[in-house]
Each structure stands twice: as structure tokens, then as C-alpha cells.
Amino acid sequence: MRHLLEIDDLNETEVAEILEIANAKEYSKVLDRQGVALIFEKPSARTRNSMEMAVIQLGGHPIYISAEEIGLDKRESVEDVTRTLSCFHSMIGARVFKHSTVERMAKENRVPIVNLLSDEAHPLQALADVLTMQQELGDLKGRSVAYIGDGNNVFRSLALASGFLGMEVRFSGPSEYSINDEDRDRLNFSGVNFSEYDNPEEAVKDVDVVYTDVWTSMGQEQEKDKRHKAFEGFQVNEELMEMAGKRAIFLHCLPAHRGEEVVDEVVDGAASRVWIQAENRMHAARGLLNWLVEKNLGEQGRHE
Ligand code: CP
Ligand code: NVA
């Protein structure tokens, strides 16, 4: 059973296969009459809507389930919820606080589990990110992306996905909010060309893509003031974009905290591709779901 909890559940060839399906103009109804359960422990605009639309485009029926309703480990254990939903659905997507929650779901091995964002990873976002970069830049081999800010879920998945496709990955953020040694080992193990910079100006020099995400992720709200102080000097503004050079594009997974990690002039500026990137969430989700159906359900039979 194949799941997607993090990008390195896939190999380089498989990422390329998913992107190819994502780019296809014709959609095959591989989820015809199938249900897909979408559990959200945190809010969402892009992930919920892009996943629901992707399921519909593939002929299936998405069901949104809030944390309050399903009560993971409160009303019922994660394992029992997974077993129950597998009775009705061909796949389960889950946006969770703890990455271990999606791991526990996947361990049940009933239906494919898709991580819709955890504290550690955001693989669906990364698929949309590389899809966008590919559409903008062509072959990504030898291209470069500089991520400025928090070494968080979005960065981990982005680094793996863009590294898999041959990009140079640069990171610049306060040392206490950088990725840890385990993450570094994981990137090295995956053969990602990765380097860290103290200075964001140096990190963005001559890159093709400048990327940032919020300094305070969902669930970290109580750390907001401390984080603001720590991230001073790591804002993506017009001066930093100028250092990157004229041809650099700007990406952000969104939602943006305008005036914090990025300013209006950059999000709304000529280099920004954030709305194409947002739309690509749907195409990437459709590519992934179609690929997962072919890999899993095609072989093992579907719910009828
Ligand atoms: N980028 C992203 O995952 O957005 P949402 O939180 O709105 O789903
Ligand atoms: N790092 C952010 C991403 C939101 C899409 C968060 O986890 O809140």
C-alpha cells in the first residue's frame, strides 16, 4: 500500500510521473463512485478546496470532516477512525497537528493516507511548488531555490521535492529555527544539493526562485512575539528580491502574513507567481490522487 506522508515516500521518477499527470488536460475518472475522507484538525483554504475539486474531477466524492466531529483520540482512537473510514472511502487525507497521527493511520494499511499538512511535512504543497517551478522555468536540473525564514513543514517538503528534481536548495533563517540534524541527514541521504546561509542576501544571490512561508505556523500562535524578534532581518522585501536578480520569481505557499515574512510589494509584484502556485494545488492534488489510485487500488480492487 502506497501512502504520501512526506515527499521521500516517492522517488525521483515517481515525482516526475505525478507531475506529468498533473499537467494532463484530460482527467480520467479513476475515483468514479468512490469516497475520499478529508480530515482537518487545522483550518485550510487551499488544501481543502483543491483536494475536494481534485476528487470531483476524478469522478469521486469528497467528504470534509472537522476535528471536532471526528475527535481523533478523543471520541475514538486514530486507529479506529481509520478502520471505520476505510469501510466507506478509497482514500483518507488528513491535516494534523502531530505527524505521528498520519503515521498511525498509514500503519493500519487499509487505504492510502495522504498527509494534508502535519507539524513536519506538507508534501502536497511541495508537489504544487515543483509543478509551478517547472511550468515557469522548464527543466529544473541546475536551477536554484532560496528559502528564507522558518525551517518548517513547508521547507522540509519543498527541499526534498525540488532537490529530487535536481535543484540547488539554499536555506537562510535564524539558527534556532533552522532544520535539525536529522533533517539534514535526510536531505543528504536523498542526494539533495543543500546549503545553509547566515545571511539572506547571500542566499538569494542569482537564484531562480525566492520562497518564504510564515514565521508563525498554525499551532505556534503563543510563540508569535518571540518569533517576530528572532526573524527580524529575514523578511522578503523589494531589496532582497533585487539581490536575487531580475529573473528570480517569488513563491509562497500562502496564507501570507503580509508585513511579516513578506511585504505587499513582493506578493503583488511582477516576480510573484503565488496565484499560479495556488491554482497548481488542485492540479498537483489530482496528479497525486490519480497516481495513488493506479498504484494501489488498481491492483487491489476498489470499494463498490
Ligand atoms: N498552503 C496551504 O496549505 O494553504 P491552506 O492552509 O489554506 O490549506
Ligand atoms: N507552515 C504553515 C503552512 C500553512 C500552509 C503552517 O503550518 O501553518
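The values are calculated or read from the model by the stated rules, or taken from the named source; none is laboratory data. Keep in mind that what you see is a predicted model, and the values were worked out from it rather than measured. Note that each Cβ is placed from the backbone with ideal geometry, even for glycine, and that neighbours are counted across all protein chains shown. These area figures cover heavy atoms from the full protein model, side chains too; ligands, DNA and RNA do not enter into them. Shrake-Rupley method; radii C 1.70, N 1.55, O 1.52, S 1.80 Å.
Within segment 240-295, can you find the residues that are farther than 14 Å from D213 by Cβ and charged (D, E, K, R)? Correct list: E242, K246, R247, D264, E265, D268, R273, E279, R281, R286, E294, K295. Give the residues of segment 174-196 that are within 19 Å of the chain's Cα centre (by Cα), assigned to a loop (DSSP other than H, G, I, E, B) and crowded, with 18+ Cβ neighbours inside 10 Å, sorted by residue number. Residues satisfying the conditions are I179, V192. For the residues V114, V81, V130, the requirement of being touching a helix residue (DSSP H, G or I) at 6+ places or on another chain (Cβ under 8 Å), farther than 20 Å from W291 by Cα and either β-branched (V, I, T) or more than 16 Å from ligand 2 (Cβ to nearest atom) (or both) singles out V81. Note on segment 257-270: residues that are in a loop (DSSP other than H, G, I, E, B) and buried (at least 20 other Cβ atoms within 10 Å of the Cβ) total 1. Within segment 108-156, being out of contact with any Leu (no Cβ under 9 Å at 6 or more places or on another chain), within 16 Å of ligand 1 (Cβ to nearest atom) and either open to solvent by less than 30 Å² (accessible area, probe 1.4 Å) or not charged (D, E, K, R) (or both) holds for A128, G149, D150, N152, F155.
Would you be able to tell me the number of residues in segment 197-245 that are part of a loop (DSSP other than H, G, I, E, B) and not acidic (D, E)? The number of residues fulfilling the criteria is 16.
The criterion of being within 16 Å of ligand 1 (Cβ to nearest atom), in contact (Cβ under 8 Å) with a residue 40 or more places away in the chain and open to solvent by 10 Å² or more (accessible area, probe 1.4 Å) holds for N49.
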